[in-house]
Amino acid sequence: MEELISYYDYLEIFPPSVYSYLTRNERFTKEQIEKIILEIIKLGEKYQKPVIVSSDAHYVYREDKIIRDIFIVNKGLGGKLHPLFIRNNPNYSNPDQHLRLSKELEVEFKFINDQKLREKIIYDNTNLLYEKILDVSPIKDKLYPPEIVNSDDNLKNLIKENLKKNYGEKPDRKIIERINREVNSITKHKFAIIYYLSSLVVKKSLQDGYLVGSRGSVGSSLAATLSDITEVNPLEPHYLCKKCKHHFFVDNVLSGYDLEDKKCPICNSLMKGEGH
């Protein structure tokens, strides 16, 4: 026992009601469970390991128990059954495992006659553990993207190339201002790698024959359009000539797809409506 306990920084005990599943089929009595908890407390004192009370919380509020009940009666990965599930009595009441308030814990541990000991394991030792735990986060607290060499320049060059390909040598001032604003913001906040990586993924998917349809916030980004991430054009409705690249904006129209086809005044080719 000494060797086993020496591995741990503290010993944890739960309210007796959490162990209610052990009283099924009279495996243990409530009194036996309370006696075992008292033995653990004695072991903690003997080997100088703080004994700490925990709710063994699996959910926050008492009324959320039904969610855990549903989880317990369903099969897990590989068809495994939950340890608390009983085949011959699936409606057996599972332990209450909500986040208990201090007063609830005090009631649960009333079987400990020594009030100072109760306060020690419920309050003092718990705070002692809290003070020893450093602030940690399971995820990065800032943007933590992968790295691709020259991703900023690669994205800018791709956008510049597609801008020229779609709108010619002299794009409308609105388009220039819009794309400059977006690209500056993207590079400033270090999102260029995200855009460039997305562009590569979409390109590879299309090459492999998988259709990619990007919508939502991506569809509101002209940079995403010109980097081939989405086919949605977020600019205001406008006419665009695919041949000579002549283009002009149109007022009082909700979507460029509602514009009727018309002849290009420059090269007489058919112009299509674009933008949303």
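The values are calculated or read from the model by the stated rules, or taken from the named source; none is laboratory data. Remember, it's a predicted structure, so these values are computed and weren't measured experimentally. Don't worry about glycine lacking a Cβ; one is built from the backbone with ideal geometry, like all the others, and counts go over all protein chains shown. What goes into the accessible areas is simple: the full protein's heavy atoms, side chains included, and nothing from ligands, DNA or RNA. Shrake-Rupley method; radii C 1.70, N 1.55, O 1.52, S 1.80 Å.
Give the residue that is least open to solvent (accessible area, probe 1.4 Å), with candidates limited to residues of segment 82-93 that are under 18 Å from Tyr19 (Cβ atoms) and in contact with a helix residue (DSSP H, G or I) (Cβ under 6 Å, 6 or more places away or on another chain).
Step by step, filter segment 82-93, then rank; the result is Leu84.
When you scan segment 193-210, do you find a residue that is within 19 Å of His247 (Cβ to Cβ) and polar (S, T, N, Q), even just one?
no
Does segment 251-272 contain at least one residue that is in a strand (DSSP E or B) and under 23 Å from Val212 (Cα atoms)?
There is at least one residue in segment 251-272 that is in a strand (DSSP E or B) and under 23 Å from Val212 (Cα atoms).
Show the residue pairs meeting these rules: Cβ distance below 6 Å; 6+ apart or different chains; first residue within segment 19-38 and in contact (Cβ under 8 Å) with a residue 12 or more places away in the chain; second residue assigned to a helix (DSSP H, G or I) and among the aromatic types (Phe, Trp, Tyr).
If the second residue must be assigned to a helix (DSSP H, G or I) and among the aromatic types (Phe, Trp, Tyr), the pairs left are Ile33/Tyr19.
If I ask for residues that are among the hydrophobic types (A, V, I, L, M, F, W, C) and within 22 Å of Glu12 (Cβ to Cβ), which ones from segment 73-104 would you list?
Leu84, Leu99, Leu101
Which residues, taken from segment 179-204, are open to solvent by 50 Å² or more (accessible area, probe 1.4 Å) and over 27 Å from the mean Cα position of the chain (by Cα)?
The answer is Asn180, Arg181, Asn184.
What pairs come out if I take residues in segment 146-164 that are over 23 Å from His246 (Cβ atoms) and pair them with residues that are open to solvent by 60 Å² or more (accessible area, probe 1.4 Å) whose C-beta lies under 7 Å away, six or more apart or interchain?
So the pair list comes out as Pro146/Leu197; Ile148/Leu197.
Go through (1) assigned to a helix (DSSP H, G or I); (2) at pLDDT below 90; (3) of a type in the set (D, E, K, R) for Arg87 and report which single condition fails.
Checking Arg87 against (1) assigned to a helix (DSSP H, G or I); (2) at pLDDT below 90; (3) of a type in the set (D, E, K, R), the one that fails is (1).
Need the failing condition index for Lys49 against (1) exposed (fewer than 13 other Cβ atoms within 10 Å of the Cβ); (2) over 21 Å from Leu99 (Cβ atoms), just the number.
For Lys49, the failing item is (1).
Cβ-Cβ distance below 9 Å, separation of 6 or more or different chains: which pairs start in segment 120-137 with a residue that is over 11 Å from Pro50 (Cβ atoms) and end on one that is open to solvent by less than 90 Å² (accessible area, probe 1.4 Å) and not in a loop (DSSP other than H, G, I, E, B)?
Ile122/Ile52; Ile122/Val53; Ile122/Ser102; Ile122/Leu105; Ile122/Glu106; Tyr123/Val53; Tyr123/Ser102
What helices (runs of 4 or more DSSP H), lying completely within segment 153-250, carry at least 2 residues that are closer than 18 Å to Lys272 by Cα?
The helices (runs of 4 or more DSSP H) meeting that bar are 222-226.
If you check Gly219 against the conditions, is it at positive phi and small (Gly, Ala, Ser)?
It is false that Gly219 is at positive phi and small (Gly, Ala, Ser).
Give the residue, chosen from Lys65, Lys30, that is out of contact with any Leu (no Cβ under 8 Å at 6 or more places or on another chain), buried (at least 16 other Cβ atoms within 10 Å of the Cβ) and over 25 Å from Lys132 (Cα atoms).
So the residue among Lys65, Lys30 that is out of contact with any Leu (no Cβ under 8 Å at 6 or more places or on another chain), buried (at least 16 other Cβ atoms within 10 Å of the Cβ) and over 25 Å from Lys132 (Cα atoms) is Lys65.
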